[in-house]
Amino acid sequence: MKVPFNVLNKTYFMKQEEYEKKAIDVLRNGWYVLGNEVKEFEKEFANYIGTKYSVGLDNGLNALVIAFRELGIGAGDEVIVQANTYIASVMGITMNGATPVFVEPDEYFNIDAERIEAAITEKTKAICVVHLYGQASNMDKIMEIAKKYNLYVVEDCAQSHGADFNGKRTGTFGIGCFSFYPSKNLGCFGDGGAITTNDEKLDRDFRVLRNYGSEKRYYNEVVGYNSRLDELQAGLLRVKLSHLNELTEEREKIANRYLAEIKNSKVELPKVREGATSVWHLFVVKTDERDNLQKYLESNGIGTVIHYPIPPHLSKAYEYLGYKKGDFPITERYAETVLSLPLYNGMTDEEQKYVIEVINRYE
């Protein structure tokens, strides 16, 4: 039996008629950039997340770049971020000229809130919180620290659409930065992203920055970006957003089955923090025999992915920061032991059963 790591077009076929009708409607309308689809999606997404505003963008990286820029964070400033994140979280900081200050993760793969204060200096301006793999971080503690030290909070919610901490959704605590890359829980059919906020001025400024620094066409206030969510992707996202709750419930059902039925002492299953929810963007296990397990699963037709094999501080891109192997041992240990199992919408009971049985047979 073959079980791929992911099958992106499963969600398309589930609602094929709705997607195709929306695509044809947009194509026939003749307005393809910053039209009604984007406006309506922004309203609907803000309502879903629980903020007053959301701003549609071309991708999640630019959401981070624009967020830090609008906060005035740049050269000479430091931003705290977890060391085991995807590199885009760090690029959003450094592309503004600021310096990332890495903090080790906790047992839930998110930033260890108990280690944040030790990393704060007089140069610290913000905390970048990454809700990694779909689980909300320890936001009560993080917001307490941010308030104590007067720091901004930017949330990287690329993997956590709809996750919450103590009933409050990710993207509502600080500035929420979202990706709609096709593999995301709320993925479009190309690139896409958004920023969420409750601040009217930030909302206005984000809209200016995404559109060449212009609120009125040809009248440019600042040097901005061409970073707009296009009409077609916005329309298709509206379709998927209307079904997101049921898609999330399906992912939770698969994850809960894995948690209940995978029983192999060599494989450590993920945990969910008290007060937090996960939308299970990824189902990440840990094992001291990661490479062997991955090869074994592959030989049995099961696809897996390592998220992520090289921590940002050890990447060639950030050699200039001067870090070396051993500087963040927990992060580096995760990079050597984590493995993401297949979990996608449309995954059949037989596929789930096969993954469970094959892992349980691993010796």
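Quick notes on this one:
- Stokes-Einstein D (µm²/s) once Rh is taken as the Kirkwood radius of segment 1-120 over alpha-carbon pairs, at 37 °C in 0.692 mPa s: 182
- Under 5 Å from the amide H of residue 193 lie the amide H atoms of 57, 58, 59, 180, each residue being 5 or more positions distant or on a separate chain, with H modelled from the backbone and absent for Pro and chain starts.
- Helices in the chain, meaning DSSP H runs of at least 4 residues, each add -39500 (n - 2.57). Divided by all residues, the mean residue ellipticity at 222 nm is -11500 deg cm²/dmol.
- For the listed peptides 341-354, 28-41, 314-327, 48-61, a ranking on the average number of other beta carbons within 10 Å per residue, highest first, reads 48-61, 341-354, 28-41, 314-327.
- Nonlocal Lys pairs with alpha-carbon distance under 18 Å, segment 215-358 (8 or more apart, or different chains): 12
- Size of charge dipole - the chain - debye, nearest 20, with Cβ of Lys, Arg +1 and Asp, Glu -1, no other charges: 420
- Between residue 319 and residue 44, the modelled labels are 4.7 nm apart [label points 7 Å from Cα along Cα→Cβ].
- Gained length - residue 336 relative to residue 268, 0.36 nm times residue gap less alpha-carbon distance: 23.1 nm
- Here the label points at residue 221 and residue 357, each 7 Å from Cα along the C-beta direction, are separated by 6.2 nm in the simple model.
- Gyration tensor verdict on segment 92-140 (Cα atoms; rounded if a/c is under 1.5, prolate if a/b is larger than b/c, oblate otherwise): oblate
- For the chain, the solvent-accessible area of protein heavy atoms averages 45 Å² per residue (probe radius 1.4 Å; ligands and nucleic acids excluded).
- Global dimensions of the chain from alpha-carbon coordinates: Rg and Dmax equal 20.5, 66 Å.
- Report note on the peptides 278-288, 117-127: ranked by the mean count of other C-beta atoms within 10 Å, highest first, their order is 278-288, 117-127.
- Here each label is just a point 7 Å from Cα along the line to Cβ, and for residue 28 and residue 257 those points are 3.9 nm apart.
- Ranked by the mean number of other Cβ atoms within 10 Å of their residues, highest first, the peptides 192-199, 154-161 fall in the order 154-161, 192-199.
- Rounded Å value of the spacing that divides the Cα centres of segment 273-327 and segment 239-269: 19
- Debye log10 I(q)/I(0) for segment 4-60, one point scatterer per Cα, at q = 0.29 Å⁻¹: -1.06
- Extension gain (nm, one decimal) between residue 95 and residue 289, 0.36 nm per residue minus Cα-Cα: 66.2 nm
- Here segment 120-235 exposes an accessible surface that is 47 percent carbon and sulfur, computed with a 1.4 Å probe and the other protein chains kept in place.
The values are calculated or read from the model by the stated rules, or taken from the named source; none is laboratory data. All of these numbers come straight from a predicted model, not from anything done at the bench. Note: ideal-geometry Cβ built from the backbone for every residue, glycine included; neighbour counts use all protein chains shown. Surface accessibility is based on the protein's heavy atoms, side chains included, excluding ligands, DNA and RNA. Shrake-Rupley method; radii C 1.70, N 1.55, O 1.52, S 1.80 Å.
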